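Below is one structure; the comments refer to it alone.
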Amino acid sequence: MNELERVLLVGVNSNQYSSDQEFIYTMEELENLAVSCELEVKDVVTQNLSQIVAATYIGSGKLIEIKQYVLSDEIDTVVFNDELTPTQLRNIQEEIPCKVIDRTTLILDIFARRAKTKEAILQVEIAQLRYLLPRLSSLHDDFSRQEGRIGSRGPGEKKIELSRRRIESQIDFLNKKLKEIAEKRKIQRSLRKRNKIPVVALVGYTNAGKSTVLNSLIGYSKNEEEKLVFSHNMLFATLETTTRKIILENNKRFLVTDTVGFVSKLPHHLIKAFRSTLEEVIEADLILHVIDSSNSNHTKQEQVTNQVLTELGVKDTPVVKVYNKIDQAENDIVSSEGIHISAKKNINIDSLISLLETHLFEHYRKINMLIPYTEGQVFNVLKEQATLIDYSYEDNGIKVYVEADEQLLGKYNDFVI
Ligand SMILES: Nc1nc2c(ncn2[C@@H]2O[C@H](COP(=O)(O)OP(=O)(O)OP(=O)(O)O)[C@@H](O)[C@H]2O)c(=O)[nH]1
Ligand SMILES: [Mg+2]
């Protein structure tokens with residue numbers, strides 16, 4: 001087995017944070033990201049500054065301290081808690097005799113490890129190349145020497161040919177391929193719209209339990225063909241957007257879309273590259289914001305998700321908060337809004353379903369019909385696709401009290417009584 005790369009984490013507690021706790025939280029998050037990249041965190045260096053130093057990120061004294069640390073402690077890589085500008089990266093690298101990377105590199109690296117579908121691989125590769133482009137001169141040595149190590153992991157582990165022009169044309173080429181896939185998505189979405197099946201999108205911080213919530217809803221569905229989705233205790237288990245159809249006992253149906261989780265300071269290029277899949281969220285009828293209520297930082301994680309939603313341009317879509325993992329939560333979450341569940345232990349999923357029903361089907365109509373016995377197939381269609389609240393066999397036909405959307409009921413106007 002390869003020895004783990006040993007890293008030193010460096011952060012500046014600047015006035016970008018509203019409190020010390022918030023800064024400490026992002027450092028913990030950085031550590032989790034590093035561990036997800038199979039790095040061994042040897043130590044952490046922080047500095048309080050009102051602002052990040054434009055030229056070197058951290059003060060010059062601290063930089064010398066870090067250099068000494070690197071020389072004495074066999075540190076392989078120094079990881080900075082923010083995305084370094086190309087200038088910062090170059091200046092730091094001149095000072096520190098080991099590899100220098102930043103939070104964005106870690107996030108991109110995890111995404112590159114997890115990407116499985118063609119679309120996700122393209123999205124990650126585009127984000128990586130965009131990040132690389134302005135930093136070519138600083139990264140050149142690292143990339144040629146350290147193939148396969150952190151920061152050089154591209155989808156398919158391809159060796160990146162480092163010429164600006166080639167990278168630009170590669171980005172164009174990948175963007176075109178991504179656009180083709182995005183077009184297909186668009187067509188699927190417009191088909192769904194025509195069928196008027198409501199869409200629910202699951203969003204939230206990574207590892208909050210979004211995929212597990214989808215699986216618990218699939219467990220409630222009559223639609224047995226739907227496969228469960230991958231859920232796992234790791235950061236960014238899901239990168240690919242998946243949509244599953246849920247059919248309730250009462251025949252009401254809706255689609256649920258599961259997608260990539262969020263983290264603080266999610267690289268801008270990554271959000272841009274994932275835009276086509278995240279459009280599914282923007283166009284949903286309802287957003288379920290899944291929160292890991294057992295995590296002591298869940299309030300901060302909620303804010304992170306809200307920020308990303310704002311960045312995506314989500315404004316008018318109703319959002320319901322789903323406090324998940326209540327089986328593990330230590331304190332009661334004091335919150336009047338939202339719903340508290342455990343997706344893994346199937347606690348309160350029926351309340352979640354009722355909540356979805358109130359949000360998604362409020363425009364459904366309830367009507368009485370009399371279906372003549374000669375039109376037996378109409379009764380069968382209603383039995384399969386609508387909610388039959390009541391029915392009785394009368395002399396002149398089947399009398400039904402039924403609930404469904406206008407599109408379905410409109411077909412049988414003749415039978416309305
Ligand atoms: N105890 C407990 N664990 C849960 C619950 N829901 C999910 N988990 C666990 O939390 C971990 C993450 O779950 P996922 O469903 O993969 O989380 P996610 O939000 O989809 O994560 P990403 O796809 O990485 O963004 C898994 O190990 C789940 O088994 C819950 O209600 N209780
Ligand atoms: Mg997931």
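The values are calculated or read from the model by the stated rules, or taken from the named source; none is laboratory data. Just so you know, these numbers come straight off a predicted model, no measurement behind them. Reconstructed Cβ throughout: ideal geometry from the backbone, glycine too, with neighbour counts over all protein chains shown.
When you scan segment 230-238, do you find a residue that is farther than 26 Å from residue 297 by Cβ, assigned by TED's automatic domain parsing to the domain that holds residue 347, touching a residue at least 40 places away in the same chain (Cβ under 8 Å) and surrounded by 19 or more Cβ atoms within 10 Å (Cβ to Cβ), even just one? Break it down stepwise before answering.
Of the residues in segment 230-238, the ones farther than 26 Å from residue 297 by Cβ are none.
No, segment 230-238 contains no residue that is farther than 26 Å from residue 297 by Cβ, assigned by TED's automatic domain parsing to the domain that holds residue 347, touching a residue at least 40 places away in the same chain (Cβ under 8 Å) and surrounded by 19 or more Cβ atoms within 10 Å (Cβ to Cβ).
With respect to residue 257, determine if the residue is modelled with pLDDT of 95 or more, more than 10 Å from the chain's Cα centre (by Cα) and not aromatic (Phe, Trp, Tyr). I'd like the intermediate steps shown before the answer.
Values: modelled with pLDDT of 95 or more: yes; more than 10 Å from the chain's Cα centre (by Cα): yes; not aromatic (Phe, Trp, Tyr): yes.
Here the answer is yes, as residue 257 does meet what is asked.
Scanning segment 36-59 finds no residues that are crowded, with 19+ Cβ neighbours inside 10 Å, at negative phi and part of a helix (DSSP H, G or I). A count restricted to segment 77-121 and to residues that are of a type in the set (Ser, Thr, Tyr) and assigned to a loop (DSSP other than H, G, I, E, B) stands at 2. Of the conditions (1) within 16 Å of ligand 1 (Cβ to nearest atom); (2) modelled with pLDDT under 95, residue 311 fails just one. Which one is it? Of the numbered conditions (1) within 16 Å of ligand 1 (Cβ to nearest atom); (2) modelled with pLDDT under 95, the odd one out for residue 311 is (1). Checked against the criterion of being modelled with pLDDT under 95, of a type in the set (Asp, Glu), in contact with a strand residue (DSSP E or B) (Cβ under 8 Å, 6 or more places away or on another chain) and away from ligand 1 (no atom under 16 Å from the Cβ), segment 333-343 has at least one qualifying residue. Residues in segment 280-335 that are crowded, with 21+ Cβ neighbours inside 10 Å and among the basic types (Lys, Arg): 325 only.
From the list 30, 9, the one residue that fits, being under 15 Å from residue 104 (Cβ atoms), part of a helix (DSSP H, G or I) and modelled with pLDDT of 95 or more, is 30.
Selection of segment 399-417 for residues being among the aliphatic types (A, V, I, L, M) and within 12 Å of residue 382 (Cα to Cα) yields 400, 402, 404, 408, 409. Looking across segment 164-211 at every residue that is under 19 Å from the mean Cα position of the chain (by Cα) and within 18 Å of residue 355 (Cα to Cα), the one that is farthest from ligand 2 (Cβ to nearest atom) is identified as 199.
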